[in-house]
Amino acid sequence: MSGPLSGIVVLEVGHMLAGPYCGMLLADLGAEVIKIEPPEGDIGRRVSPHTVGAHNAYFASLNRSKKSVVLDLASDEGQAALHCLAARAHALVTNLRPAAIRKLGLTYETLKDANPGLVCVALTGYGLLGSHADRPAYDYVIQALTGVMAITGEPGSPPAKTGYSAVDNSAGMMGALGLLAKIVEGKGGQIDVSMHDVMLSQLNYLAGAWLNAGERAGRMARSAHPYIVPAQVFETSDGWLVVFISHDEFWRRFCVEVGRPEWLEDPRFATMAARRENREAVLAELVPLFKAGSSASWMARLAPLGVVAAPVATMEQALGSELARERDMVVAIEAGGATIRAVGNPIRLPGTAQAYGPPPRLGEHNAELLQARSNLAARVLARERRAVARAISEIENGSAEGEALSRQLARHCGRARMVGITGPPGAGKSTLVAALAKELLALGRSVAVVAVDPSSPLTGGALLGDRIRMGEVQGHDEVFIRSLASRGHAGGVSRATGRVAALLDAAGFDVVLIETVGAGQSEVGIAAIAATRLVVCPPGLGDDVQALKAGILEIADAFVVNKADLPGAERTARELVAMLALKKGARRPVFSTVATTGGGVGELARWLLAREAALAA
Amino acid sequence: MSAVAAGPLAGKRILVAKPGLDGHDAGAKVIALALRDAGAEVIYTGLRKSPEFIVRVALDEDVAAVGLSILSGSHQELAQEVLGGLRAAGAGDIPVFVGGTIPPQDRAALVAAGVKGVFTNDTPLAQMIDELARALA
């Protein structure tokens, strides 16, 4: 859509009027509004007895130019998809009950993990929180509670509601205003708009008179203004006429026109204050006067004087009026072979072409918005391999989507065991990783592997060859292996390694094995990622053990002397044990393995799982 | 890494795989190194991998392209199996390139099967990099 809000994405979890009207105002201004509907759809799709094309007429009047996706927000999948959509949205508007808003996680508090910049608008009856929060509210109820009904209608007749839905519409506008204020501010947060507050706010000068001067508001006969006389509806010979004479100069012109210049000298009528004091006397003169002429004849006399007056038109007359045509306020929207006629955007933007799209069919945009990247998180949680792979790329590339994904999946992390495998080049880390994965599989664990190789400092390219030594375990369905280039990051891992491992955790792998680049003394980046660190030493490390005492040997939870079938292995293991004996603290075991044959790897795997259980306890 | 010059394949992850039974991967390694030097992150899997295995690695590694090095003469069958596997996995959008000893008369059939480009041992490396960079742009 074109318009000033082009590029702004708004999610709407709205039903009936207030939320949908808010969304439609924003859509008319160019925002991409994505309506999230339950499987049965917005109830507004079923309200009117009339249809236009495939659409319920009520729904069509409030939901043009939007997209629709169906999500069951009570399900994990629905929540994951919501978080995905929220990650790329600017705002969310909802007018569900507060209890439902909380239950479905439609607050900033819940969604800020997915997108800290999200503006969350809650349009509720009585506020998002508080003693009245969960009482039901409809436009009628709020008009009843806020005094609006008590001041509407003729004195002595029953209280009346405004003829249209003043509360819902006003709340929708206030929501849009608050939303835009936060977008201008550039910060996410919660917006709490209560319909009760909105209506109290609109009692502005009436409320002020009571609060400051003790003046009660009441129903005024013929909808008369409380302070200005004459300003009300008058009956004419053929209908009704509103006359609003707000200045003494207009009163003067009126008196001359109707042939009563003496009223200008009459102390009861001469000034605005006098007319207010003598309302009954003024009306006693004017009511029969207006009744004597037709509405059209009065308009013909009053309009040239600049006296404000208007015949009371029907809605049908208003929609068919020359003015409505001139302002292009009744628009035709093509919708799948049908033409929907609707009232257009009241906010005119000269120079901007106003466009209107059809209202969406229920779930019409599921494929566009949910099958692609936006539900990547849900697909990761379902451990869909291609989605996991794509998500890792997004995270590795530091894209906005990747950042959002990491935040969204954060609450699903923390279950997997993170095992770091580090050590100098040539120690046999990749072969050991594969052998370990095989043993863990045999012990009923699913395994993800993150294998980091160095990037060229000259070209930025990398040769990721760890898979060469990982053998047939790579083809197992319960194994997922991903090669990462270090991309210039020091410390033996890449910048994204931790977040990639976390994603694999969220995807439900039991163990994540993280193989670092061939590491020297100071490459200890793995310590921040993995709770368990294995340092793999090749045979013949010999005197180097002393040199390596600082650095990677310090971060080890266990040592693995791999290639234990080669000369020097036994001595290396002995020296490690001797070195460890010098240090106080927890016992750190030394394992001897022959990864190429699997020798000793079973023992290592069982130790890892026992440690896993101990850490979890 | 401020000294890194962005090569024509910078940021691209490319799988170099050797399906089939031939036991020589010197050519595949030369290609892998050339791609690396052009800035690509090259995943190399080693010798004698099945088409099914190659598809799995291509998916898990989320590569931008798959390069198959084939010297055995079974290029038509092996390429088709890899292409079919990728399509079946919903990853038919990953382009597949074939290199090796490919007789000129077989080139058209490979392309018709869906292979994006064919490189033989007389293709200059720079030309291969250029073609890849254009195809993956």
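The values are calculated or read from the model by the stated rules, or taken from the named source; none is laboratory data. Since the model is a prediction, treat every value here as computed from it, not as a measurement. Backbone-built Cβ (ideal geometry, glycine too); neighbour counts: all protein chains shown.
Values for this structure:
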{"quantity": "Close pairs (8 angstrom Cβ cut-off, 6 or more residues apart or separate chains): within 26 Å of A:GLY488 (Cβ to Cβ) in the stretch B:10-34, surrounded by fewer than 22 Cβ atoms within 10 Å (Cβ to Cβ) and among the small types (Gly, Ala, Ser) anywhere", "calculated": "B:LYS12/B:ALA64; B:ARG13/A:SER393; B:ARG13/B:ALA64; B:ILE14/B:ALA64"}
{"quantity": "Segments classed as strands (runs of 3 or more DSSP E), wholly inside the stretch A:1-119, with at least 1 members that are within 22 Å of A:ASN366 (Cα to Cα) and of a type in the set (Asp, Glu)", "calculated": "A:9-13, A:32-37"}
{"quantity": "Failed condition for B:ALA91, given (1) more than 9 Å from chain A (Cβ to nearest Cβ); (2) more than 12 Å from the chain's Cα centre (by Cα); (3) in contact (Cβ under 8 Å) with a residue 24 or more places away in the chain", "calculated": "(1)"}
{"quantity": "Criterion: within 11 Å of another protein chain (Cβ to nearest Cβ), assigned to a strand (DSSP E or B) and touching a residue at least 12 places away in the same chain (Cβ under 8 Å) - qualifying residue of A:ARG487, A:ARG467, A:ARG482", "calculated": "A:ARG482"}
{"quantity": "Filter pass, A:ALA462 being buried (at least 19 other Cβ atoms within 10 Å of the Cβ) and either modelled with pLDDT of 85 or more or charged (D, E, K, R) (or both)", "calculated": "yes"}
{"quantity": "Neighbours by Cβ (under 6 Å, 6+ apart or cross-chain): first from the stretch B:47-61, within 7 Å of chain A (Cβ to nearest Cβ); second surrounded by fewer than 22 Cβ atoms within 10 Å (Cβ to Cβ) and outside any helix (DSSP H, G or I)", "calculated": "B:LEU59/B:ALA89; B:LEU59/B:ALA91"}
{"quantity": "Residues that are surrounded by fewer than 17 Cβ atoms within 10 Å (Cβ to Cβ) and either facing chain A (nearest Cβ under 8 Å) or in a strand (DSSP E or B) (or both), drawn from the stretch B:1-22", "calculated": "B:MET1, B:ALA3, B:ALA5, B:ALA6, B:ALA10, B:GLY11"}
{"quantity": "Check on B:ASP106, of a type in the set (Asp, Glu), modelled with pLDDT under 90, assigned to a helix (DSSP H, G or I) and more than 28 Å from A:SER483 (Cα to Cα)", "calculated": "yes"}
{"quantity": "Total residues in the stretch A:492-514, condition assigned to a loop (DSSP other than H, G, I, E, B) and either at the interface with chain B (Cβ under 9 Å from one of its Cβ atoms) or crowded, with 20+ Cβ neighbours inside 10 Å (or both)", "calculated": "6"}
{"quantity": "Any chance A:ALA391 is at negative phi, touching a Pro at 6+ places or on another chain (Cβ under 7 Å) and facing chain B (nearest Cβ under 10 Å)", "calculated": "no"}
{"quantity": "Filtered residues of the stretch B:23-44 (kept if facing chain A (nearest Cβ under 9 Å), more than 21 Å from B:ASP93 (Cα to Cα) and not in a helix (DSSP H, G or I))", "calculated": "B:ALA38, B:GLY39"}
{"quantity": "Residue satisfying all of: in the stretch B:62-88; within 14 Å of another protein chain (Cβ to nearest Cβ), assigned to a helix (DSSP H, G or I) and surrounded by 20 or more Cβ atoms within 10 Å (Cβ to Cβ); nearest to the chain's Cα centre (by Cα) among these", "calculated": "B:LEU86"}
{"quantity": "Selected residue [within 13 Å of another protein chain (Cβ to nearest Cβ), at pLDDT below 85 and either under 21 Å from A:ILE34 (Cβ atoms) or surrounded by fewer than 18 Cβ atoms within 10 Å (Cβ to Cβ) (or both)] from A:GLN371, A:GLN408", "calculated": "A:GLN371"}
{"quantity": "Verdict on A:LEU323 being at negative phi, out of contact with any strand residue (DSSP E or B) (no Cβ under 8 Å at 6 or more places or on another chain) and in a loop (DSSP other than H, G, I, E, B)", "calculated": "no"}
